[in-house]
Amino acid sequence: MTSTAAAPPPRAYRRLSVEERRTQLLGAALSLFAHRAPDEVSLDEVAAVAGVSRPLVYRYFPGGRQQLYEAALRSAADELKLCFTEPAVGPPTERVSRVLDRYLGFVDEHDAGFSALLQGGSVAETSRTTAIVDGVRRAAAEQILLHLGRGEDPGQRPAGPRLRMMVRTWIAAVEAASLIWLDEEKQPPAAELRGWLVDHLIALLAATAATDRETASAMAELLALETAEGPAGRLAGLVIPAVGGAAHLLPGPVASD
């Protein structure tokens, strides 16, 4: 008599907790929003990716796609804010370099969704989604100011209006460069783009320091922490010879009476 192998026992089904299920649905939504504009993603697709029914998605997000999108956006915003969190260890420009490496990694991973998020124009865009995105920008600016020695931490002075405007301008430039980078099929390479953006920050600091005493003080403190091998030292080695030909633009000696 031939023996028949026993069938494997059925896999035990583990019921997810409310929080686990919500996290699962948000993960499925983010995987879709990462590559397509929000208004191109249906709840049926979210349900299929999560391996659940459409009514279950509605049970957790009764507001439908809009509520799901806003929840996914908050989740992505929290992740993006973490990209800008960096311990105050080492030269400031090297810290900013690490911040940008994480930021550009996020942009690379969420390419189409990142473009839809920042460029707007989606039917899913509301005052709430705009506020979420603006919150990321403000949080990013505050983190950069901390690396410039200006912030709310003990021992730091608050940033003045010119320095704060300069940093927020740089954050806007980083956003714009990221979108152009995606449009240009992620060229130049991310490491090259990161170096260029750090150079922009140093150049903006120098230009603002020329007419703002507080920014000049912040830049002097930053340069004291930099090394010849770091981003600031490298840029100085490139720029100082390049501007040597501008000596004729400087005012001549004042004639004495």
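Label sites at D101 and D183, each approximated as a point 7 angstrom past Cα along Cα to Cβ, lie 2.9 nm apart. Which shape class, rounded, prolate or oblate, goes with the range 120-226 when its Cα gyration tensor gives a ≥ b ≥ c as root eigenvalues, a/c under 1.5 marks rounded, and past that a/b bigger than b/c marks prolate? Judged from the Cα gyration tensor, the range 120-226 comes out oblate (a/c at least 1.5, b/c at or above a/b). Averaging the sequence gap over all C-alpha pairs within less than 8 Å and six or more residues apart, then dividing by the number of residues, gives the chain a relative contact order of 18 percent. In whole percent, and with a 1.4 Å probe on the protein chains, what portion of the accessible area of the chain is carbon and sulfur? Answer for the chain: carbon and sulfur cover 59 percent of the accessible area. The angle between the Cα long axis of helix 161-183 and the longest principal axis of the Cα atoms of the chain comes to about 50 degrees, rounded to the nearest 10. Of the residues L204, G151, A236, the one whose Cα sits farthest toward the positive end of the charge dipole of the range 126-257, with +1 on the Cβ of Lys and Arg and -1 on the Cβ of Asp and Glu, is G151.
Solvent-accessible area per residue in the chain equals 58 Å², computed with a 1.4 angstrom probe and all protein chains kept.
With contributions of -39500 (n - 2.57) from each DSSP H run of at least four residues, the per-residue ellipticity at 222 nm computed over the chain stands at -21000 deg cm²/dmol. Please give the FRET efficiency for A191 paired with E221, using the beta carbon to beta carbon distance and R0 = 22 Å, rounded to the nearest 0.05. The calculated FRET efficiency here is 0.20. Axis of helix 231-242 versus longest Cα principal axis of the chain: the two differ by about 40°, to the nearest ten degrees.
Matching the structure-derived P(r) over Cα pairs in 5 Å bins from 0, in percent against the labelled list (1) 1, 6, 13, 17, 18, 16, 11, 7, 5, 3, 2, 0; (2) 1, 7, 15, 20, 22, 19, 11, 4, 1, 0; (3) 1, 5, 11, 13, 13, 12, 10, 9, 7, 5, 4, 3, 2, 2, 1, 1, 1, 0, 0, 0, 0, 0, 0, 0, 0 gives the label (3).
The values are calculated or read from the model by the stated rules, or taken from the named source; none is laboratory data. None of the values given here were measured: they were computed from a predicted structure. FYI the Cβ positions are ideal-geometry reconstructions off the backbone, even for glycines, and counts take in every protein chain you see. Each accessible area value is taken on the protein alone, full model and side chains, heavy atoms only, with ligands, DNA and RNA left out. Shrake-Rupley method; radii C 1.70, N 1.55, O 1.52, S 1.80 Å.
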